[in-house]
Each structure stands twice: as C-alpha cells, then as structure tokens.
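Participant: Supplied in structure tokens, the structure appears directly below.
Every number in this text was worked out from the coordinates using simple rules, so none of it is lab data. Here the structure is a predicted model, which is why all the values come from computation and not from measurement. FYI the Cβ positions are ideal-geometry reconstructions off the backbone, even for glycines, and counts take in every protein chain you see.
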Amino acid sequence: MSSETQKILTTDGIPLEESLRKAEKKNKIKAFLLVCPLLLFLIITYVFPIGDMLFRSVDDRMVTKMLPKTYKAMEQWDGKELPPEEVFKGFYLDYKKLVEEKTFGKLATQLNYEKNGFKSILKKLKRKMKKFEEGNYKEQIMSVHKRWANVEYWRALKRRAPSYSYSKYLKGIDMYENEDGQIVQVPEDRRVHKILWMRTLEVALFVTIFCFLMAYPIAHLLATLPMKYSNLLMICVLLPFWTSLLVRTASWMILLQQQGIVNDFFVWIGLVADDNRPEMMYNKTGTYVAMTQILLPFMVLPLYSVMKTISPSLMRAGKSLGGTPFIAFWKIYFPLTIPGIGAGCLLVFILAIGYYITPALVGGASGTLISNQIAFHMKSTLDWSFASAMGLMLLTGVLAIYWVYNKLVGVDNIKLG
Amino acid sequence: MSKNSEFVKFDKVDKSYDGKVLVVKDLNLDIAEGEFITMLGPSGSGKTTCLMMLAGFETPTNGEIYLDSNPISNIPPHKRGIGMVFQNYALFPHMTVYENLAFPLKVRKVSKDETDKKVDKALSMVSLSGFENRMPGQLSGGQQQRVAVARALVFDPSVVLMDEPLGALDKNLRESMQYEIKHIHESIGVTVVYVTHDQGEALTMSNRIAVFNDGKVQQLSSPDKLYEEPVNSFVAEFIGENNRFSGQVSDISKDKCKVKLDDGSEILANPIAVKSSGEKTIVSLRPERALINTKEKMENNFKGKIEEVIYHGDHTRVRLNLLGNKDFILKVPNSSANMDIKLGNQINVSWNSFDARALDPK
C-alpha cells in the first residue's frame, strides 16, 4: 500500500512530477507567448465587440438616467389611474434639466419608440414650460395637451423605468409587452421581422441545396480528372473566388436585369416574348442565383478535399463485387463523402444566413434578408440596441444549427481541407 | 468433371491507352480452370493492364477475352462475377468486417441466413472468426489483407484476381500470407490470376507463371521450368540471379555449341536460341551451377580471381573476375572444405555445358 503511494524520485531526490513540471515550464511559456498575439487579437476584435453587442441589446439605461426624479416618484404609483402630483413634479424637474442641457431630443426619440405621439407633446411641453408657475404641476402639464391626461402615456413612461429590458428581442420576433405586461404579437400588418427571418432561413436553405447539387459533380470531377485538367478546372472554380464580391454581384446585375444578357438570350431563342421579359432581379430569384454562384467554392473545396482521399479502387472493388455503378456510388462513395458534405453545407448555410451585400444589391424588396434589416437599423434608424439584439439572435441561431449538426453528424466528422 | 483448359482465354488482345503506344501486344493466354497463374513482370510491362481488362475496368483495344467460352468485352464489371483483391485492400472503411463481406451477397439478394453462413465460412477460412464487428481501420495490415481475400471469395466467384495483394506487407507477413493464399487456393480450387513483380512470390505460389515484358508474354511455364530453363535472356535475367557472358557462336552441333567470348576464350554451352555459327549470343549460367575446386569432371574449367567475398551465413557469395566478366557470382555452401576463399586468391571454377544456356543477345 505504502509503496504504491510513494512518490517516484529522480536521481537528485526531487519528486518526479515536480521535476517534470520544471522541465516543461519553459516550453509552456514559449507556447503561450506564441499564441498570445492571436489570443489578444481575438479578445479585442471578437470577445469585446460581441460582449458590447450583448450589453447594448439589453441596455435601457438612457431613459432611466434622464428621468431620475420621475422614476423615484413613480415607485409608489400603481399604474391604474393618473399618477399623483409628485410624479408630475419630478417629470417637470427632470425635463427642465434636459431642456437646459439640450438633450431632450434623445428622450423624445426614445419615448416615441415606446408609444407614438410622445414626440409632439414633448415639444409642445417644452414651449409651454417656460411660463409654468411653481406648484400644481399636474394641472399645468395636463393643460398643455390632452394626451398628457391620458394614463396610457404615463404607463408607457413607466415601462421604460427598468435599466435593462428584453423588449428589443421581443420586437425582433414581432412581439411586445402590452400595457398589462403580457407578451403578445404585434398586429398582423406590422409583422415584418417574422417574414424576414423565415425568408432568411429559406434562402439559406435553398442556396445550400443548390450549391450542394452543383458542387458535388464538380468536386467529383476535380478529384478524378488527371492533374492536367483538374488544375485548370480548379482555377475555373477559384477564379470567381478571387474576384471582388462587389464586381461579381454587379456582373450578375448586368446579366439578370430585364434588358440584360440572359433576358436577351431568352427572347432570342423565343422562350419569352420581348414585351414579357421576366424579372430576375430585385427579387428572390436574383438573390438565389447570385448567392449560389458566390458561395459555390465554399462547397466545392471541402467536398474536393474529402473526395481526393477516397481511393478509386474502392469504387472498383464495389463494382467487382457485383454492385451496379449506382449501388457502388450510393453505398460506398457517397457515405465516404459525408464529412465533406457536412462541412460544405454548414459553411455555406452559415455564410448564407448572414449574407448582406448581395441581397442588398440584387435582392430588391422581396429578396432582402435579416442582415439587411440589421444594417438598416444600424445606419438609418440608429436603433443600435435593436440591431444588436437581432445580430445576437442571428448568432444564437447559427450556434443552434452548429449544435444540432454536432448532435446529428458530429463535428469530428467535418473536414474542411 | 473435366476441367476446362481454356477457362479464361485472351485471344489476340491488344491494348493502347493513347493510340500511340501498345502496352499489351498480341496477347494470347489460356488459363485452365482451377489454376493458379501469376503474371510476373517489371512495372510498366502490361501485367496489371491485363488484369484490369479481365476485371472489366479497361476494354481491350483489339481482340477478345473469353470467360468459360463466352466473350466478356461487353459485359460490365459487376456482371462478370469475378472476385478481386486490390493492392491496397480497398476495404470499405465505413463498414464493419461483416458488412464488407456481406456486400457482394447483399447486392446479389442472398437471404440473411445464407449471408451469415457464407460470411462465417469465409472468415473462418482466413482464420478471422470473431472479427465481424471490427472496422477495417482497427485491423492490422495482414488482417485487412485477409478480409480482402475473404471478401473476394465469399460470393463463390469462378475466378479471383489479385493485384499485388501483398505489396504493402512486411517481409515475414508476406511470406506467411503467400502460404495462406496458396492453401486457400488448394482447398477451394478456384481459378486465381495473380499479379506481382516479386519473383519469389510468383515462384512460391503459382502453378504457372507468365513473365511479362514490354507488353508481351516472354515465357509461360511452371516455376521450376522458368527458373531452370529460361527461353530468353530477359527471363534469365529477371528470374533469379544469373551470370552472363556475351560472345559469338563459333561452332554448333545438336546439343552443344562453342561460344567465343569477347576476351578470346571459348566455352561450351547449350544452344537454346542460337541456330548457326556466327550468331551473337548471351550465355546465361545460374550461380549455383558453377562449382569451385570440384573433383567432378565438367566441360568448362577456368581460373578466376576473387574480387569480393560476402558472408551470408549458410552460404558465401563470391564475386570473381572470370573470362573478362568482373561480376561473375558464385554461391559457395558453408562447409569446412571451402576455407581458401580469400580476397585475391585464384580458384578453379567448373560447370557443365548443359547449364550454360546460349540465349538471344537482346
């Protein structure tokens, strides 16, 4: 018993484990230092921005900070009837300060997100406020506009009280928390995001399928042709890959527009009438065509790298053992390419689901995807927290797909090259 | 049951890949039922091409191949019913050993019970019973090879082709596998066409050997005949070791000829490929047929200087400078009588004219 637990010593009498650790220490430090630049780079360019995005998407402190006195007074208010005088007084003092600091505009924008009509009554309040007398602010404010006497607006104000909220996420899936605190869907005519999410999934799925159907034979040819020809074909596959994304998308616009080459050709061979040229751009068709072409190499390359390793004698063995060419392909060749299919599909799907520039240029109204919506909120409405929330939802979706894939196929089975 | 001596028949088969060079030229070869025939030759000699044509992966450019008297050029590989063992085993890596063996039976719609029985039998034949659920990647090279052999035999094909099946194994394993394949062949009596570039393998296993060179069969005969009686200098050179003397026939009778060597001396030889005096020839002599300091009376007796001595344990290789040939090799059995083999010594070397075969000059 004691001999088993006894520590093994080196010839110098130092315990072996300790000696080993000492000997390995230098190498470990060296290895860490080599990895260090990448680690820092990842933290700075990936972990921080994602963390900041996550924070922004739930951060709702702006309004809370602007109206400290109001919210303090509101703690006592049950929200059923109009708030008491203290709330009005607090609001008056807070708003007066904002007007003096000239930051009331932001408050108006934020509150208007919450309930339409806030902007105008805040502006009116600002004008009338100069003549306000001390005391009885409730009466004075309510006399500015009849909406100030509407309890709905005060409830909307109260809903913005918490510092953190998940309302942006609800908005992302066309839901909101109504006055009673229930989570409900927005009216049918305003459910835009759900359509975008579904369309994004649909486009990504179909682009992946199209890419797979086209890439499989190409990759097979690449892997089986003699070197001389396969190199040329490989360049043909990669050539578009080396061309700027913008140039490729623009060239699709030239090809697909109504007076474009493809349409001209269709008219020339008599497939369509000259006055009835189909629209192939600024809709989903354009998005499908352009994205499939652009993402094709991402499917070809993993498939090719897997197929290259499959010995041609396996197919021959299958045939010599009595399998028809189809059986030999289906039972032997195809199962061996699954790691490549997995890698290619995952890659294309994930790229497609977040694709931005191509749908923006050729997608038109019916061909834009969720990423275009995110960009719209980043650039146009400046609702960054909503854009962040949708970005994170997209990221979560991708991670979920990865997880499902891992469960079904196993990430170890992926082969990227 | 009489055995068909033309079970597999190559009839005037030519093969060219590019329309410029013939890799197989006018091949005529009959293989008897139940025979173990080996196609032996250096790489690029056309032997694998012949095998691929028989398997159906290449089509003959000209001529026809018959299997049991039926032309098979237009039959696709999967309908030929020919088993094949590939150089790198070609086991399906995603299937277990059982599934690998069951594959040819499954595509033939054999019932589950029958399949189990046949797979069991085939695995026990290669002494791998109990390995059914292993994946090929979990087996050693030798085991994989056995599975490949079992798979090629499991559906009872009439012919089994083996394309350098032992090339990837180490020497010991290769030798034991040679015997194993030979025994399997003897016990089930299937026709085997075996391709190799290893002459030892060919000599050990085959009933007959077809020596290929330059797209042609140089000699087709049993292993002993091939070694003892090569018909041309390529075969003599390719199979085993041999000592060569080039010269000119100066006198010829029915079973003997005199050959004047380049250094002026004359030796007696057995005329195989020469017909008249004045012809150029290469005389080939196996190292073990030349004796040193022998008391036997032999027709050729010459003195040579020992240039190199290599000790091999059971025998000693001696390189002599003899009759202008500086690479004359002798194999001297290890015995106490042969102690004067020392570098630089002159020794007497003798051989019979029958063993010195005068072949084509090439």
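Participant: Within chain A, what's the longest run with no GluC sites (Glu not before Pro) in a DSSP loop and at most 14 other beta-carbon atoms within 10 Å? Give the range, please. Don't skip to the answer; put the middle values down first.
Facilitator: Details: sites that count: A:GLU75, A:GLU81, A:GLU133, A:GLU134, A:GLU179, A:GLU279.
Longest site-free region, per DSSP loop and neighbour criteria: A:280-417.
Participant: While we're here: Projected onto the charge dipole of chain B (+1 at Lys/Arg Cβ, -1 at Asp/Glu Cβ, origin at the Cα centre), which of B:GLY56, B:GLY278, B:PHE354 gives the Cα projection farthest towards the positive end?
Facilitator: It is B:GLY278.
Participant: Rounded to the nearest 20 debye, what is the charge dipole size of region B:8-233 about its Cα centre when +1 sits on each Lys and Arg Cβ and -1 on each Asp and Glu Cβ? Write out the running numbers ahead of the final one.
Facilitator: Details: 24 positive and 29 negative charges, 122 e Å.
Result for region B:8-233 is approximately 580 debye, rounded to the nearest 20.
Participant: As a quick test, which of the pairs A:LYS97/A:LYS119; B:LYS256/B:LYS331; B:LYS20/B:LYS79; B:LYS20/B:LYS280 have an alpha carbon distance above 29 angstrom in this structure? Working shown, then result.
Facilitator: Values: A:LYS97/A:LYS119 17 Å; B:LYS256/B:LYS331 25 Å; B:LYS20/B:LYS79 31 Å; B:LYS20/B:LYS280 32 Å.
Table pairs above 29 Å Cα-Cα are B:LYS20/B:LYS79; B:LYS20/B:LYS280.
Participant: Any chance you could check the Cα centroid distance between region A:70-148 and region B:162-205 for me, in angstrom?
Facilitator: 98
Participant: With a sphere of radius 11 Å drawn around the Cβ of B:VAL126, what net charge do the other residues whose Cβ falls strictly inside it have (Lys, Arg +1; Asp, Glu -1)?
Facilitator: Values: positive: B:LYS121, B:ARG146, B:ARG151; negative: B:GLU180.
Residues close to B:VAL126 contribute a combined charge of +2.
Participant: Tell me, what is the FRET efficiency for A:ILE50 and A:LEU16 to the nearest 0.05, using R0 = 51 angstrom and their Cβ-Cβ distance as r? List each step's numbers first, then the result.
Facilitator: Details: r = 43 Å, r/R0 = 0.85.
According to the calculation, E is roughly 0.70.
Participant: While we're looking at this one, here's another question. Please rank B:LEU105, A:LEU33, A:LEU42, fewest neighbouring Cβ atoms within 10 Å first, as an exposure proxy.
Facilitator: Numbers: B:LEU105 23, A:LEU33 9, A:LEU42 12.
Least to most surrounded, the residues fall as A:LEU33, A:LEU42, B:LEU105.
Participant: Local charge sum around B:PHE10 (other residues, Cβ-Cβ under 15 Å, Lys/Arg +1, Asp/Glu -1)?
Facilitator: Details: positive: B:LYS9, B:LYS12, B:LYS15, B:LYS25, B:LYS47, B:ARG80, B:ARG208, B:LYS216; negative: B:GLU6, B:ASP11, B:ASP14, B:ASP26, B:ASP30, B:GLU35, B:GLU58, B:GLU64, B:ASP68.
It works out to a net charge of -1.
Participant: While we're here: Measure out, as a whole number of angstrom, how far apart the alpha-carbon centroids of region A:171-209 and region B:41-109 sit.
Facilitator: Computed from Cα coordinates, the inter-centre distance equals 58 Å.
Participant: Between A:LYS130 and A:GLU24, what is the label-to-label distance in nm when each label sits 7 Å out along the Cα-to-Cβ direction?
Facilitator: 7.7
Participant: Still on this model: Which of B:LYS326, B:LYS106 has the fewest other C-beta atoms within 10 Å, and how do the rest follow up to the most?
Facilitator: Working: B:LYS326 12, B:LYS106 17.
Fewest-to-most Cβ neighbours within 10 Å comes out as B:LYS326, B:LYS106.
Participant: Now a separate question. When the Kirkwood radius is taken over all Cα pairs of region A:2-58, what Stokes-Einstein diffusion coefficient follows at 25 °C and 0.890 mPa s, in µm²/s? Each step should come with its number before you reach the end.
Facilitator: Details: Rh = 15.1 Å.
Stokes-Einstein gives a translational diffusion coefficient of 162 µm²/s.
Participant: On to the next question. Straight distance only, please: which lysines reach the Cα of B:LYS171 with their own Cα at less than 22 Å, same-chain residues fewer than 8 apart left out?
Facilitator: Once the sequence-local lysines are set aside, what remains near B:LYS171 is B:LYS182.
Participant: Moving to a separate point now. Where does the protein assembly as shown land on Rg(C-alpha)/(2.2 N^0.38 Å)?
Facilitator: On the way: Rg = 43.6 Å, N = 779, 2.2 N^0.38 = 27.6 Å.
The reported ratio for this selection is 1.58.
Participant: Where in region A:59-75 is the amide nitrogen less than 13 Å from a point lying 7 Å along the Cα-to-Cβ axis of A:GLU152?
Facilitator: none
Participant: While we're here: Run the numbers on chain A and let me know its relative contact order in percent, using alpha-carbon pairs under 8 Å that are six or more apart. Don't jump to the answer; show the numbers that get you there.
Facilitator: On the way: 434 pairs, mean separation 71.6, N = 417.
Once normalised by length, the contact order is 17 percent.
Participant: To continue, here is another question. Checking the cross-link filter: which aspartates and glutamates have an alpha carbon closer than 12 Å to that of B:LYS260, excluding same-chain neighbours under 8 positions apart?
Facilitator: B:ASP251, B:GLU279
Participant: Defining a contact as two alpha carbons under 8 Å apart and six or more residues distant in sequence, what relative contact order in percent does chain B show? If you can, show how the numbers build up before the last one.
Facilitator: Details: 752 pairs, mean separation 53.8, N = 362.
Once divided by the residue count of chain B, the mean separation gives 15 percent.
Participant: Follow-up question, since we're still on this one. How long are the semi-axes of the ellipsoid equivalent to region B:8-233, from square roots of 5 times the Cα gyration tensor eigenvalues, in whole Å, largest first? Please report the intermediate quantities before stating the final value.
Facilitator: Values: eigenvalues 176, 84, 47 Å².
Working through the eigenvalues yields semi-axes of 30, 21, 15 Å.
Participant: To make sure I understand the rule: partners must be lysines, Cα under 22 Å from the Cα of A:LYS22, and not fewer than 8 residues away in the same chain. Which ones qualify?
Facilitator: By straight Cα distance, A:LYS22 reaches A:LYS7, A:LYS30.
Participant: Among A:LYS228/B:LYS362; B:LYS275/B:LYS326; A:LYS331/B:LYS118; B:LYS121/B:LYS225, which pairs are too far apart, with a Cα-Cα distance over 32 Å?
Facilitator: Values: A:LYS228/B:LYS362 37 Å; B:LYS275/B:LYS326 28 Å; A:LYS331/B:LYS118 21 Å; B:LYS121/B:LYS225 36 Å.
In this structure, A:LYS228/B:LYS362; B:LYS121/B:LYS225 exceed 32 Å between Cα atoms.
Participant: Any idea how far the Cα center of region B:292-334 sits from the one of region B:7-22, in Å?
Facilitator: Between the Cα centres of region B:292-334 and region B:7-22 lies a distance of 44 Å.
Participant: Kyte-Doolittle mean at least -1.0 and Cα extent at least 20 Å along the axis: which DSSP H helices of chain A qualify? Display every interim value, and only then the final one.
Facilitator: Details: long enough: A:16-42 (37 Å, 0.39); A:85-101 (24 Å, -0.62); A:192-224 (48 Å, 1.41); A:227-242 (21 Å, 1.31); A:284-308 (34 Å, 0.89); A:334-353 (27 Å, 2.20); A:384-408 (36 Å, 1.16).
Helix filter hits for chain A: A:16-42, A:85-101, A:192-224, A:227-242, A:284-308, A:334-353, A:384-408.
Participant: Residue farthest toward the positive end of the dipole of the protein assembly as shown, with Cβ of Lys/Arg at +1 and Asp/Glu at -1: which of A:VAL409, A:THR224, B:ASN243?
Facilitator: Value: A:VAL409.
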